[in-house]
Every structure is written in C-alpha cells, then in structure tokens.
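To start, the structure under review is shown below, and the notes come after it.
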Amino acid sequence: MTVDVQTLDGKPMSADSAVRPVGSALRIAPGFIASSVDDSTGIATTIEAQYDEDRGRYVVRSILSRAVRDDFDEVKLKHAAPQAILQVAVPHCVALLLDEDPDAQWTSVSDLTQGEGAIVPEWMASAVVKRGMKEERWEVIEILYGIAALADLPPVKLIARELSVPERTASDWIQKARASGRLVGIASNVGRPAVT
C-alpha cells in the first residue's frame, strides 16, 4: 500500500515535522493527513489524525472516501477502514536520533525501514536480541512500542514479529522499558479492558 503523508498544513511529512517529544527519545508530528488509492476497489481514502496526549496515540479525526473510477466497489466505499492507512502513515510521523553527536540529524522511522512491512532494519532487530544489549534493546522497544501504540495496534504482537521473539518475551521487554522511563507519553489500549 502506498500512502502519501503530509503535515496538517499540507506540506510533505519529514523528520523535521516531528516536533513533539514522546517517550525518552522520540519526536512525533502533532498530526497528519494521509491518503491512499486502492486500485482494486477504485476508492481513494484520506484520513486526518492528531496526537491525543490523554490517549497517548494518534486519533483519527476525519475520514474521506471517494470513488476514483466508475466501476468502484460500492460496498467498500460504505465501509472505509482507516487502520491500514494509519499503520503505514505513523512511521513517517515519528523521528529519532541515531547518534548522540550534538550535530546529529533527526531521522524518521520510515527512513529506517528497509523490508516490506518491517519497521526497524534487520541489523537493528538482530542486534537487540543479543545478551548485554539492554540500552539498545530499550531504544528499539521504545520505537516499536511507540509505532504500535500511536497507530492503535497491539504492541506485543508487533514487537514479537519485528524481533522474532515470543510474545511473552516482548511483553517482558515492554514492562522493563516502561520501568526504565522509556515509554512516558505513549500508551496502548489494545488488549486492555475498557475503562468506564
């Protein structure tokens, strides 16, 4: 899926657009507009999402779906699902520093992505599962948990898949990363009972 991601004022999304700090090392864009055309259905969908501090994630504020050809899938148009667009757009809206040098440039998570569907590069994923790599591990857990939580996806499943570890290990690493102060301002409601 190809998604065009822009800032709320219509400029191309870049690492420089990520100005709001979350967690201990991430910055995010305060909001975004993301558009995608599904050639198989003939439908274009545009979503607008904004970061909600109380929820600790991006919240979709508007969805616009429209037919882009005469033989569009009417049923799909009536049931637009923004989650796939949100999932692809969020890595464009999150930035981090890869170097502690004072002159280091912020990099968007989407710029790190190499494999189809992977968020972190393979070299990074394989390095953090080694013993003795705790600080590096917590940094990667923060990136992956942040992406999942901001896109309202299950963080444990995403981390387990990205790092090729059991879900129990991913859950344990999330708890340890949170205890180390890495996940401040990032919250996931996936898998939790609703609060009334």
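The values are calculated or read from the model by the stated rules, or taken from the named source; none is laboratory data. Since we're looking at a predicted model, the values are computed, not measured. Quick reminder, even Gly has a Cβ in these numbers, built from the backbone with ideal geometry, and neighbours come from all protein chains shown.
For the structure I just gave you, tell me whether residue 31 is modelled with pLDDT under 90 and closer than 24 Å to residue 184 by Cβ. Answer is no for this residue.
Is it true that residue 68 is over 15 Å from residue 152 (Cα atoms), surrounded by fewer than 21 Cβ atoms within 10 Å (Cβ to Cβ) and in contact (Cβ under 8 Å) with a residue 24 or more places away in the chain? Yes, satisfied. Scanning segment 150-173 for residues that are touching a helix residue (DSSP H, G or I) at 6+ places or on another chain (Cβ under 6 Å) and assigned to a helix (DSSP H, G or I) yields 150, 155, 156, 158, 159, 160, 162, 163, 167, 170, 171, 173. Give all pairs with beta carbons closer than 8 Å in which a residue from segment 27-42 that is without any contact (Cβ under 8 Å) to a residue 24 or more places away in the chain meets a residue that is outside any loop (DSSP other than H, G, I, E, B); count only pairs at least 6 apart in sequence or on separate chains. Partner pairs satisfying both residue conditions: 30/20; 30/50; 30/51. From 111, 54, which residue is more than 24 Å from residue 178 (Cβ to Cβ) and of a type outside the set (Lys, Arg)? Of the residues listed, the single one that is more than 24 Å from residue 178 (Cβ to Cβ) and of a type outside the set (Lys, Arg) is 111.
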